[in-house]
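The structure under discussion appears below in the form of C-alpha cells.
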Amino acid sequence: MRNGVSAGSMKKSFKGKRPRKVPAGGRTVGRAASRTGSRRPLAARPGAGRRQRRSARTHRQSASGRISRAFAAKAAGSAAARWQREGAADGAAWRAAHPAGTAEELWPYAQRAWTEKAHGSLASASRAERKRLCRDGSAYAAGIRQGSGMEVPGELLPLKGTASAVVYAGADAQRLRAVLAELERLPLVEIVVVLGPDALPMQAELLSHPRIVTVGSPDGYASPHAARAAGARLTGADTVLFADGAEPCPARLLGLLLVEADAGADAVLSDRTAQEGTFDRRGGASWLREFLNVTLGKPGLRANAVGGVPFALSRRALDAIGPEALEMPARAQASLLASGLRVAVCDDVPFSGERDSPSSAADYHTAAWLDCLSARGARLGFPDHKRNRQAIGGGGDGSDDGRHPQL
C-alpha cells in the first residue's frame with residue numbers, strides 16, 4: 001500500500017478494462033494513450049500523408065493562380081497603356097495632317113491603323129487573345145481621342161475582311177433605332193434592314209443613313225428567319241452579322257462575333273444554352289437543337305444553333321449552304337455541320353431571346369434530319385452494335401433488306 005491506496009482497490013479499478021498495448025518501442029497506444037495525449041504523429045495515420053500532399057498541392061495551385069492572374073492583369077494594363085500612347089501619337093499626327101478633318105473621317109483611319117497594328121498578333125491568336133485585342137482597341141481609340149481631340153464614333157476591331165449586318169425590323173420603331181445605334185458603331189460596309197409590313201413607314205427615315213440598305217415586302221415574311229434569309233441574299237461582305245431588330249446588343253459584344261468569324265470560324269453563335277437553364281427545364285425546341293448537334297457529332301455545341309440571334313456567318317458558309325437555308329435554321333445548322341464547316345460559340349455574347357414555337361421547331365428539325373438521312377444513310381453513319389441483323393438477313397452496319405419486321 002502506497003499513499004493510502006490499497007492493492008485491492010487498484011485491482012478493482014482495472015477490472016473489466018481492456019489492457020493497453022505496448023509496442024516494441026515501449027510507448028503506449030490505444031484509448032489510454034489518446035487520453036494522455038500520446039497520439040501517433042500525423043504522418044503515421046492512414047491516408048494522412050496523402051491529405052497533406054493534396055492540401056499542399058491545392059495551396060500551391062491557388063497561390064500560382066493568384067500570381068498568374070496578377071501578372072495577367074499587370075500585363076493587360078501595361079499593354080493597354082502602350083496602345084493608348086500609340087493611339088495618342090497617331091491621333092496627333094492625323095490631326096496635324098487633317099486640321100479640318102471630321103470624326104467620320106477619323107474613324108476609317110483609326111480602324112485601318114488598328115487592324116495593321118493588330119494583324120501580326122492575330123495570325124496565331126487564341127480566342128482569349130482576340131478578346132484582349134478587342135479591349136486593346138478601346139485603349140487605342142482612347143489614345144486617338146486624346147491626340148486628335150475628337151471622339152472615335154465606333155468600335156475599333158482587328159478585321160482583315162469586310163463585314164455587313166442583316167436586321168429584321170418589326171413594328172417597334174424605337175427599339176429598331178436602338179439596335180441601329182449599336183450597329184452603326186461597328187465597322188460595317190452596309191446594314192441591310194428587312195422591313196416587315198408594319199415597319200414599311202420607316203423606310204424614308206432609314207434611307208437617310210448612309211450605310212443602311214432597306215428591303216421590304218408588303219405581304220410580309222413567313223418568319224423572322226425568312227426575312228433574314230432575304231436580307232442575306234443582298235450582302236457581299238466577307239462576314240455577315242445577323243442581329244435582332246427588337247433587342248439591342250452592345251456593339252463591343254457584337255464585335256466579338258465579327259472578330260471570331262474574321263479569324264476563321266464559319267459560324268459564330270451566341271450562347272443561348274446558358275440562359276435556358278438545366279436540361280430538364282428547357283423546352284422541346286431546345287432539346288431538338290441539342291439532339292441535332294449530338295447526332296451530327298458536335299455535342300459541345302449543346303443547344304446553340306444558327307438562327308438564335310445574334311450570330312455571324314462567313315462568306316464561305318453562306319456560299320456552302322445558300323442563304324435560303326436560313327429560312328429553316330435547323331436545316332442550316334445541319335448543313336453547316338455535315339459540310340465540316342467550323343462552328344464556334346461565343347460565350348460572352350448573350351442570346352437575344354427570340355424563340356421558335358415548338359411546332360415550327362419540330363418542322364424545322366424534321367426537315368433537317370430528313371436531309372441528313374438521305375445523305376448519310378438511315379442511321380446517320382452510326383453502326384448498330386446491339387442487334388445481330390445478319391441473322392435475319394440485314395447488314396452488319398445496321399441496314400435491313402426490308403423483308404423482315406424491325407426488331
Worksheet, complete the sentence: A correct Karplus calculation of ³J(HN,Hα) over segment 317-322, with 6.51 cos²θ - 1.76 cosθ + 1.60, θ = phi - 60°, whole Hz and x for Gly and Pro, returns 5, 5, 5, 6, 9, x
Discussion item. Suppose each label sits 7 Å from its Cα in the direction of the beta carbon; what would the R85-A274 distance come out to in nanometres?
Written reply: 3.5
Item to complete: Provide the net charge surrounding S223, with neighbours chosen by a C-beta distance below 12 Å and charges set as Lys +1, Arg +1, Asp -1, Glu -1.
Response: -2
Practice prompt. Quote to one decimal, in nm, the extra length available between E247 and A181 on full extension: 0.36 nm per residue of separation minus the C-alpha distance between them.
Written response: 22.6 nm
Response to the item:
Sorted by chain and then number, the residues having a modelled amide H within less than 5 Å of the amide H of S217, at least 5 places away or on another chain, are L195
Practice prompt. Find the centroid of the Cα atoms in segment 236-298 and in segment 130-150, then give the distance between the two in whole Å.
Written response: 28
Worksheet item: In whole Hz, what ³J(HN,Hα) sequence does segment 79-93 give by Karplus (6.51, -1.76, 1.60; θ = phi - 60°), x for Gly and Pro?
Response: 5, 4, 5, 5, 5, 5, 5, 5, x, 5, 5, 5, x, 5, 5
Worksheet item: In a shell of Cβ-Cβ distance under 11 Å around A243, excluding A243 itself, what net charge do Lys and Arg (+1) and Asp and Glu (-1) give?
Response: -3
Item to complete: Would you kindly state how much longer the chain becomes between A171 and K298 on full extension, computed as 0.36 nm times their sequence separation minus their alpha carbon distance, in nm to one decimal?
Response: 42.0 nm
Worksheet item: Taking 0.36 nm per residue of separation and subtracting the Cα-Cα distance, what length does fully extending D347 through W287 add?
Response: 19.7 nm
Practice prompt. Give, as a single signed number, the net charge of other residues whose beta carbon lies under 13 Å from the beta carbon of L122, with Lys and Arg counted +1 and Asp and Glu -1.
Written response: +1
Worksheet item: Taking the Cβ-Cβ separation of S357 and R95 as r and a Förster radius of 56 Å, what is the calculated FRET efficiency to the nearest 0.05?
Response: 0.55
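Any read-out appearing in this document is the output of simple, stated calculations on the displayed coordinates, not a laboratory observation. For clarity, every value in this text was computed on a predicted model and none was experimentally measured. Quick reminder, even Gly has a Cβ in these numbers, built from the backbone with ideal geometry, and neighbours come from all protein chains shown.
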